[in-house]
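Colleague: This is the structure I want to talk about, given as structure tokens.
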Amino acid sequence: MYAEKLPPHDPDAEEAVVGSLLIDGETINRIATVVKSEDFYRERNRWCYEACQSLYHRGEAIDQISVARELSLKDRLEEVGGAAYLSHLVNVVPTSVHAEFFAQIVNRTATMRRLIQAASEIATIGYNDAPDTEQALQQAEDLLFKVRNTHVTRDFVTIREVLDQYLEDTSNIEAMDQRVAPIPTGYTDIDNALGRLQRGDLFILAARPALGKSTLAMNIARNAAGQGAVVGIFSLEMSREQLALRLLSAESEVDSYLMRLGLLGESATDRVMTGIGELSDLSIYMDDSPAQAVLEMRAKLRRLHTDRGVDLVIVDYLQLIAGRESRGENRVQELSEITRQLKAIARDLNVPVIAISQLSRAIEQRPDHYPQLSDLRESGSIEQDADVVAFIHREDRYTTAEQWEQRHPTEPYPENLAQLVIAKNRHGPTKSIHLYFRGNFSRFENLATELTSNER
């Protein structure tokens with residue numbers, strides 16, 4: 001049935017666009033961002049438009065005579081219908097005033113043709129009957145996403161518009177449209193330092209094992225969801241059951257060890273049931289598929305974004321993401337590509353992405369054990385691609401109370417005291433923030449004390 005139909009196109013609109021340019025060459029400044037040469041269905045109209053583009057790029061006048069000469073130089077004048085066809089185009093429209101309207105029609109019909117082409121390619125994928133179903137679905141989703149991205153265009157806006165938006169946003173950030181509002185972490189000092197989690201940002205949270213990086217990420221997820229955010233979590237290390245148990249322990253303030261053993265008294269049981277009720281109402285979505293590739297994650301996020309509207313993405317953790325096969329790349333190159341793709345996801349979906357990362361053992365060789373950007377394991381371009389890089393440092397993991405008293409006799413022992421070291425901040429200064437760590441409850445809490453990075 002569909003094979004008998006011509007693809008969507010509007011020859012009158014195409015002719016009106018080119019005719020408008022021949023009448024007034026300056027019109028190209030208004031329509032260049034709306035319509036591209038490949039949007040034209042009829043070849044001769046596309047050639048005429050390309051001729052106008054070539055003249056524009058060379059800074060030459062666009063009119064019937066110059067376009068005819070340009071087409072002649074490319075041996076296309078006779079093929080388009082000669083000077084007679086150019087005269088016809090000039091007579092199609094009396095004025096160029098409505099050129100943008102016609103350009104939008106050409107763009108819309110081109111988008112419909114791309115959609116048809118994507119549907120055809122998706123059908124081919126289906127008929128190929130590939131053994132990897134998930135990969136086939138990802139390819140199909142990529143084709144549709146490409147059509148959508150091709151359709152979206154951005155143009156200049158005045159600084160007045162940007163500043164007016166800024167005043168509107170900052171005057172009432174709580175009422176800001178959820179599609180553009182930054183995401184709160186629930187930690188006062190972190191939010192103050194970063195201006196909350198900015199949409200489109202890649203946030204790297206790194207530490208050595210067992211210092212609480214997954215715990216802090218889950219705490220942020222719960223706090224953000226409590227403020228109405230939709231959170232997507234990729235847990236490549238822990239199962240969804242383990243993840244849920246950590247969240248429940250932090251919510252109910254019941255020791256996770258006792259919860260796993262089922263050794264709960266009446267009071268603790270009541271708190272757990274209350275916690276289950278609170279967490280169940282939150283929009284937190286977990287995926288515990290191991291060794292996922294970024295391509296798979298992106299496809300899942302797009303579906304979730306379409307269904308629910310994602311506000312925050314957490315990946316736990318970076319080094320467990322599968323790289324592409326058969327590319328001859330080492331792991332550093334793979335990690336570099338992975339971080340670039342995660343940054344692209346943040347931009348595409350307009351969400352902050354928190355990626356947890358391991359630190360190298362080099363930190364153990366330094367006397368102070370204080371993390372540095374160079375400690376990022378298999379770093380590659382992690383530091384370059386990330387908008388924010390933060391480390392968790394806990395002095396009580398490396399220093400006993402007796403050792404601390406010898407070195408700092410006048411200072412209290414920093415038991416359960418954690419520093420979030422913001423080593424890179426594209427939006428502001430670097431600093432170190434103090435948080436209180438309650439390990440038995442898998443929970444970080446606000447602490448009033450805050451130190452700058454040079455005060456440690």
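No value in this document is a laboratory result; all are computed from the given coordinates. Just so we're clear, the structure is a prediction, and the values are computed from it rather than from any experiment. Using ideal geometry, Cβ is built from the backbone for each residue, glycine included, and neighbour counts are taken over all protein chains shown.
Colleague: So how do Met273, Met286 line up by other beta-carbon neighbours within 10 Å, fewest first? Walk me through the intermediate numbers first.
Modeller: Values: Met273 11, Met286 18.
Fewest-to-most Cβ neighbours within 10 Å comes out as Met273, Met286.
Colleague: For the chain, what is the percent of antiparallel DSSP beta bridges, rounded to the nearest 5?
Modeller: Working: 21 of 44 bridges.
Among the beta bridges of the chain, antiparallel pairing accounts for roughly 50 percent.
Colleague: Something else about it: Between (i) 28.8, 96; (ii) 23.3, 88; (iii) 21.4, 66, which matches Rg and Dmax of the Cα atoms in Å calculated for the structure shown?
Modeller: Calculated Rg and Dmax of the Cα atoms in Å: the matching label is (i).
Colleague: Could you tell me how many cubic angstrom of Cα convex hull volume region 203-342 has per residue?
Modeller: Numbers: hull volume 16.1 nm³, N = 140.
That works out to 115 Å³ per residue.
Colleague: In addition: Along the charge dipole of the chain, pointing to its positive end and built from +1/-1 on Cβ of Lys, Arg, Asp and Glu, which listed residue (Met218, Ala16, Ala118) has its Cα farthest out?
Modeller: The residue sitting most towards the positive pole is Ala118.
Colleague: Exposure proxy check: Glu364, Glu278 ranked by fewest other beta carbons within 10 Å?
Modeller: On the way: Glu364 11, Glu278 15.
With the fewest neighbours first, Glu364, Glu278 line up as Glu364, Glu278.
Colleague: Okay, moving on. What residues have an amide H closer than 5 Å to that of Ile233, excluding those fewer than 5 places away on the same chain, when H is modeled at 1.01 Å from N in the peptide plane?
Modeller: Those lying under 5 Å, H to H, from Ile233 are Tyr285, Met286, Asp287, Ile314.
Colleague: Just name one of Ala68, Asn45, Gln333: the one whose Cα is farthest towards the positive end of the charge dipole of the chain (beta-carbon charges, Lys/Arg +1, Asp/Glu -1).
Modeller: Gln333
Colleague: Could I ask something else about it? State, in angstrom, two size descriptors of region 1-155 derived from its alpha carbons: Rg to one decimal place and Dmax to the nearest whole number.
Modeller: 18.3, 58
Colleague: If you don't mind, another one. With +1 on each Lys and Arg Cβ and -1 on each Asp and Glu Cβ, how big is the dipole of the chain about its Cα centre, in debye rounded to the nearest 20? Kindly include the intermediate steps, with their values, before the conclusion.
Modeller: Values: 50 positive and 70 negative charges, 105 e Å.
Its charge dipole is roughly 500 debye.
Colleague: Also, quick follow-up: Which ordering of Tyr49, Tyr317, Tyr285, Tyr127 is given by a fewest-first count of other beta-carbon atoms within 10 Å?
Modeller: Sorted ascending by nearby Cβ count, the order is Tyr127, Tyr285, Tyr317, Tyr49.
Colleague: Something else: Choose one of Ser252, Tyr317, Val80: the residue whose Cα lies farthest towards the positive end of the charge dipole of the chain (beta-carbon charges +1 Lys, Arg; -1 Asp, Glu; about the Cα centre).
Modeller: Checked the options; the winner is Val80.
Colleague: To continue, here is another question. Report the Cα centroid-to-centroid distance between region 352-406 and region 69-94 in angstrom, as an integer.
Modeller: Using only Cα atoms to place each centre, the spacing works out to 66 Å.
Colleague: Okay, moving on. Would you compute, from DSSP H runs of 4+ residues alone, the mean residue ellipticity of the chain at 222 nm, taking -39500 (n - 2.57) per run and dividing by the full residue count, rounded to the nearest 500? Display every interim value, and only then the final one.
Modeller: Details: 18 runs with 218 residues, N = 456.
Dividing the helical sum by the residues of the chain leaves -15000 deg cm²/dmol.
Colleague: Here is a follow-up. Net charge near Gly200: determine it from the other residues with C-beta under 10 Å of the C-beta of Gly200, scoring Lys and Arg +1 and Asp and Glu -1.
Modeller: Details: positive: Arg199, Lys343, Arg347; negative: Asp201, Asp348, Asp387.
Within the 10 Å Cβ shell, the charges total 0.
Colleague: Something else about it: Compute the relative contact order of the chain as a whole-number percentage, counting only Cα pairs closer than 8 Å that sit 6 or more residues apart in sequence.
Modeller: 15 percent
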